[in-house]
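Here the structure comes first, spelled out in structure tokens, and everything after it is commentary.
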Amino acid sequence: MRQRFGEESNYNDFIQALLQEDVDAMNVYMNRVAMKMFSYFDTGGGAEPERFYHGFVLGLMVELAGRYTLTSNRESGFGRYDVMLEPRNKEDKAYILEFKVYNPRKDKDLEAAVAAALQQIDDKKYASMLEEKGFAAERIKKYGFAFEGKQVLIG
């Protein structure tokens, strides 16, 4: 029997982990899927890998369309965030996701790329639009995603 709308068990494993703020489970899910499904030609072979990763994660979020307004590549603050989930119910948390593809010239490792993504969210003040709408800073969750081929790190 299907549970009531809005309960986290109705969502895929990644969405459940996101809503529960379980970063470890988010990482396990993304790495498992990346290993099984991604190809070198998706993630590197001359294409724009960030667009591939961005589209993939955005596709995972489609299930939340009834509960959140999902926006991608929109301006807020001093730049353009990658993905924002604005809850339709003000009691729910909002989410900002920023994606980085590991670049050995800029990043020491995937952890450094995650840190750069999180720093960008703060430096560019991507949360400002949500804050103007009355969301308290502690109700806005920020996640940096770092990608290198079939490896993903979320922090």
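Points to keep in mind about this one:
- Cα centroid of segment 12-35 to Cα centroid of segment 100-116, whole Å: 20 Å
- Report note on the peptides 80-88, 132-140, 105-113: ranked by the mean count of other C-beta atoms within 10 Å, highest first, their order is 80-88, 105-113, 132-140.
- Placing 128, 76 in order of accessible area, with the largest value first and a 1.4 Å probe, yields 128, 76.
- Here the 3J(HN,Hα) profile of segment 97-106, calculated from phi with Karplus coefficients 6.51, -1.76 and 1.60 at θ = phi - 60°, is 10, 10, 10, 9, 9, 3, 10, x, 6, 10 Hz, Gly and Pro shown as x.
- Global form of segment 87-138, assessed from the alpha-carbon gyration tensor, a/c cut-off 1.5: prolate
- Positive-end residue of 103, 59, 128, charge dipole of the chain with Cβ unit charges: 59
- Taking 17 Å as the straight-line reach from the Cα of residue 100, the aspartates and glutamates in range (excluding those fewer than 8 positions away in the same chain) are 42, 48, 50, 82, 109, 111, 122, 123, 148.
- Dipole magnitude of segment 50-152, debye to nearest 20 (Cβ charges: Lys/Arg +1, Asp/Glu -1, about Cα centre): 140 debye
- Within segment 63-155, percent of DSSP bridges classed antiparallel, to nearest 5: 65 percent
- Among beta bridges that DSSP assigns inside the chain, antiparallel share in %, nearest 5: 65 percent
- Note, ³J(HN,Hα) from phi for segment 60-65, Karplus 6.51, -1.76, 1.60, rounded to Hz, x at Gly and Pro: 5, 7, 3, 4, 8, 4
- In the context of the full protein assembly, residue 126 retains an accessible surface of approximately 0 Å², using a probe radius of 1.4 Å and ignoring ligands and nucleic acids.
- Pairwise FRET efficiency - residue 36 versus residue 122, Cβ, R0 = 41 Å, nearest 0.05: 0.75
- Rh (Kirkwood; distinct C-alpha pairs) - segment 42-155, Å: 14.5 Å
The values are calculated or read from the model by the stated rules, or taken from the named source; none is laboratory data. Keep in mind that what you see is a predicted model, and the values were worked out from it rather than measured. Neighbour counts are summed over all protein chains in view; Cβ atoms, including those assigned to glycine, are modelled from backbone coordinates with ideal geometry. Surface areas here come from the heavy atoms of the whole protein model, side chains and all, with no ligands, DNA or RNA. Shrake-Rupley method; radii C 1.70, N 1.55, O 1.52, S 1.80 Å.
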